[in-house]
Structures are given as structure tokens and as C-alpha cells.
Amino acid sequence: MPRPTGEQFIQLYRGLAYTSPENMDTRRLGRHWSSNRWVAEAFGNDDIPKNTSSVVIGALVHKRHIIPEGTEEWSNEAERYGAEGADSPESEYTVRKGAPVHITSITHYPNSTDEEHTFRKDMSLRELRKYRA
């Protein structure tokens with residue numbers, strides 16, 4: 001599958017605690033993503049027990065699949081799920097349910113700690129994969 005290009009896509013990240021690349025539910029990666037990789041890493045690794053696996057996913061998402069802030073749809077999502085918005089410290093974007101996300105990177109933290117991530121493994125992707133939010 002060719003890599004999505006152009007200004008119509010935005011690079012986003014999502015941290016998932018208590019999982020590994022082999023155990024990710026690729027049909028439902030989640031709807032709240034950050035444009036800041038380090039924010040996603042914190043969500044994936046903070047406040048989880050030592051020796052617990054986590055993953056940080058990088059993905060390209062088409063802008064039409066991101067709920068625009070200030071709309072009624074975004075307000076309803078924010079009320080239901082606590083979305084913060086792109087200008088918040090979390091740099092958060094809400095992706096529409098079931099929207100395609102094009103994975104660009106997967107970083108596995110097989111041995112996360114509360115203090116510092118002592119081991120990180122960047123997973124190679126032979127081709128860009130399309131998953132769902």
C-alpha cells in the first residue's frame with residue numbers, strides 16, 4: 001500500500017499501556033491521539049507497574065477523519081470522553097470512530113517503569129498498514 005502523502009494528513013501518536021505489538025487490537029486503536037509523541041509516550045507508560053509492556057503508535061490520519069474543534073460533534077465528544085483539544089498541553093485530536101489510521105511506527109516498551117524507560121524497541125514495518133481508530 002503506498003504511503004499517504006500531502007497536507008491532507010496529520011502525524012499523530014497514541015500510547016497504549018498493558019499491551020505489546022502482538023496483542024494490539026488493530027481494529028480499535030482508540031480515538032484520542034496526540035500530535036506530540038512524548039505526550040503519547042507518557043500516557044502509555046505513566047502509572048503502570050514495573051515490568052509491564054506498553055506501545056507508542058505513530059500514524060498518519062486524514063484531516064477529514066479528525067473531529068473539528070468547536071463543532072457540535074466535538075463538543076459532544078469532549079463532554080462524553082473528556083477531549084482536551086489540539087491547543088491543550090496534551091495536543092489532543094479526536095479521530096472519528098472507525099476511521100482509518102495509517103501506521104507509520106510502533107515503539108514497544110517491553111519493560112516499562114514508573115521512573116525511566118530503560119529499554120525501547122522500535123518495530124520495523126515492511127509496508128504501511130491501515131488500522132482503525
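The values are calculated or read from the model by the stated rules, or taken from the named source; none is laboratory data. All of these numbers come straight from a predicted model, not from anything done at the bench. No Cβ is skipped: glycine too gets one built from the backbone with ideal geometry, and neighbour counts run over all protein chains shown.
Condition first: among the aromatic types (Phe, Trp, Tyr) and either exposed (fewer than 15 other Cβ atoms within 10 Å of the Cβ) or modelled with pLDDT under 90 (or both). Now tell me which residues in region 25-48 satisfy that. Passing the criteria: Trp38, Phe43.
Scanning region 66-87 for residues that are under 27 Å from Tyr109 (Cβ atoms) and at pLDDT 80 or above yields a total of 1. Among the residues of region 50-64, some residue qualifies, meaning at least one is surrounded by fewer than 16 Cβ atoms within 10 Å (Cβ to Cβ), farther than 14 Å from Val95 by Cα and touching a residue at least 40 places away in the same chain (Cβ under 8 Å). Test of understanding: among Tyr93, Tyr18, Tyr13, which residue is touching a His at 6+ places or on another chain (Cβ under 9 Å) and under 22 Å from Tyr131 (Cα atoms)? Every option except Tyr93 fails the conditions.
Checking Gly15, Gly58, Gly30, Gly44 one by one, the residue that is assigned to a loop (DSSP other than H, G, I, E, B), under 12 Å from the mean Cα position of the chain (by Cα) and under 25 Å from His108 (Cα atoms) is Gly30 and no other. Filtered by the rule that a residue be of a type in the set (A, V, I, L, M, F, W, C) and more than 23 Å from Arg27 (Cβ to Cβ), region 49-87 gives Trp74, Ala78, Ala86. Of the residues examined, Glu22 is not one that is buried (at least 19 other Cβ atoms within 10 Å of the Cβ), of a type in the set (Asp, Glu) and farther than 17 Å from Lys97 by Cα.
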